[in-house]
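What follows draws every value from the coordinates through simple rules; no lab data is involved. Computed from a prediction, not measured in an experiment: that's the story for all the values here. Cβ sites come from the backbone with ideal geometry, for glycine too, and all protein chains shown count toward neighbours.
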Amino acid sequence: MPVLASGYRERAKGTAVPEKLVTIGFDADDTLWENLRFYNETEARLLELLSPFAEGRDISAELLEAERKNLNFYGYGIKGFTLSMIDTALTVTGGNVPTDVISAILSNGREMLAHPIEALPYVKETLEELANDYRLVLITKGDLFDQERKIAQSGLGDFFTAVEIVSKKSASIYMRVFAMHGPGPGHAMMVGNSMKSDIIPAMEAGSWGVHVPHALSWELDHADAPDDAPRYRSIPHLGDLVKVIDEINQ
C-alpha cells in the first residue's frame, strides 16, 4: 500500500487512517547523557601537549582532519578518537612525537572510557512515561564495549525493548531496526541530537524525526534541518517529547 506524504496509509477502499506511532527510537550520546563535552575537554589537553611543537599550526583543524580521514577505518567512538589524536601528534611533530606525549594521549583516552555517565534533563521521566505505551529502542553508534558500558552505568537500559549498537546510521539501518521492533518506519519515530545521523536518515527511511539539540555539536555531524518536511519536529529538550507524540497520535 502506498504511504501518503501526510503520514496516512491508504486502505484498499481509498479511505485514509493515521499511522499511529508504535516504536520510538532514541539516540544515546548527547541525547540521553553527556558525551561530546568529554571529547572537547580531552582535545583541550591535546592542544596543551602539542603546543611546544605546533609552531602556529591549528591543532584542532589537524585533529578534525585526522578524524575525517580515520572514520572509515576506526569508526565512531573514543578508541577511534584516541588513534586520531596520536595521528595528529605524529603529523604535528613530523613523526618525532616524544613517547611521554603518546603515553599521555593514551592515558587521556583511557580516562574518557571510564568517565561517569551524566544523564541529561528530563531523560528518566520521559522514558518512564513512554515505556508502558511504546516500544522504546536505543539506537546508537560507536564502540560496542564502550556503548554497552555507558548503557549499563546509566541505569536506563530497562526502559528499552531493544538496544541496537551500529557502526553507522543510515536509512537502511533505520528501516531494518524499525521493521524488527515494530510494524516498520511508518509507525516509528527517531529522537536525537544529530541532524545528520539521527534525523535525516530516519526520515529518509519513512519515520518521524524529532531533533533535540545539544549545546555542543561536532562539525562532522552537521547537516541542515529539513524544516519543511511534514514528519520533522524540533523540541528544546526531552521534556516536550510526550506532548509531540500525543499530538501525532491524535
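Here is how the numbers come out for the structure above:
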quantity: Tilt relative to the chain, helix 144-154 - C-alpha long axis, 0 to 90 degrees, to 10; calculated: 70 degrees
quantity: Charge dipole of region 81-172 about the Cα centre (unit charges at C-beta), most positive-ward option of Phe159, Asn96, Ala119; calculated: Asn96
quantity: GNM flexibility winner over the chain from Arg149, Arg57, Arg110 (Cα, springs under 10 Å); calculated: Arg57
quantity: Förster-model FRET efficiency, 41 Å R0, Glu128 and Asn96, C-beta, rounded to 0.05; calculated: 0.15
quantity: 12 Å beta-carbon shell around Val210, net charge (K/R +1, D/E -1); calculated: -1
quantity: For Ala104, net neighbour charge (Lys/Arg +1, Asp/Glu -1) across residues whose Cβ lies under 13 Å away; calculated: -1
quantity: Spacing of the two label points (7 Å from each Cα toward its C-beta) at Arg37 and Glu65, in nm; calculated: 3.2 nm
quantity: Degrees separating the helix 36-54 axis from the principal Cα axis of the chain, which is the longest one; calculated: 20 degrees
quantity: The chain: relative contact order in percent, alpha carbon pairs under 8 Å with at least 6 residues between; calculated: 25 percent
quantity: Packing-based ranking, highest mean first, of 163-170, 32-39, 194-201, 100-107 given that Cβ atoms within 10 Å are counted; calculated: 194-201, 32-39, 163-170, 100-107
quantity: Only Lys, Arg (+1) and Asp, Glu (-1) charged, at Cβ; region 109-250 dipole about Cα centre in debye; calculated: 400 debye
quantity: Cα-based helix-to-principal-axis angle, 99-113 vs the chain, degrees rounded to 10; calculated: 20 degrees
quantity: Dipole magnitude of the chain about its Cα centre (Cβ charges: Lys, Arg +1; Asp, Glu -1), debye to nearest 20; calculated: 940 debye
quantity: Of Thr126, Thr82, Thr99, the one that fluctuates the most in a GNM where the chain has Cα springs shorter than 10 Å; calculated: Thr99
quantity: Given [x] 45, 44, 33; [y] 73, 32, 28; [z] 44, 42, 36, the label whose value is Cα extents along the principal axes in Å derived from this model; calculated: [y]
quantity: Straight-distance crosslink candidates among lysines, where the alpha carbon sits under 16 Å from Lys141 and sequence neighbours closer than 8 are dropped; calculated: Lys79, Lys150, Lys168, Lys169, Lys196
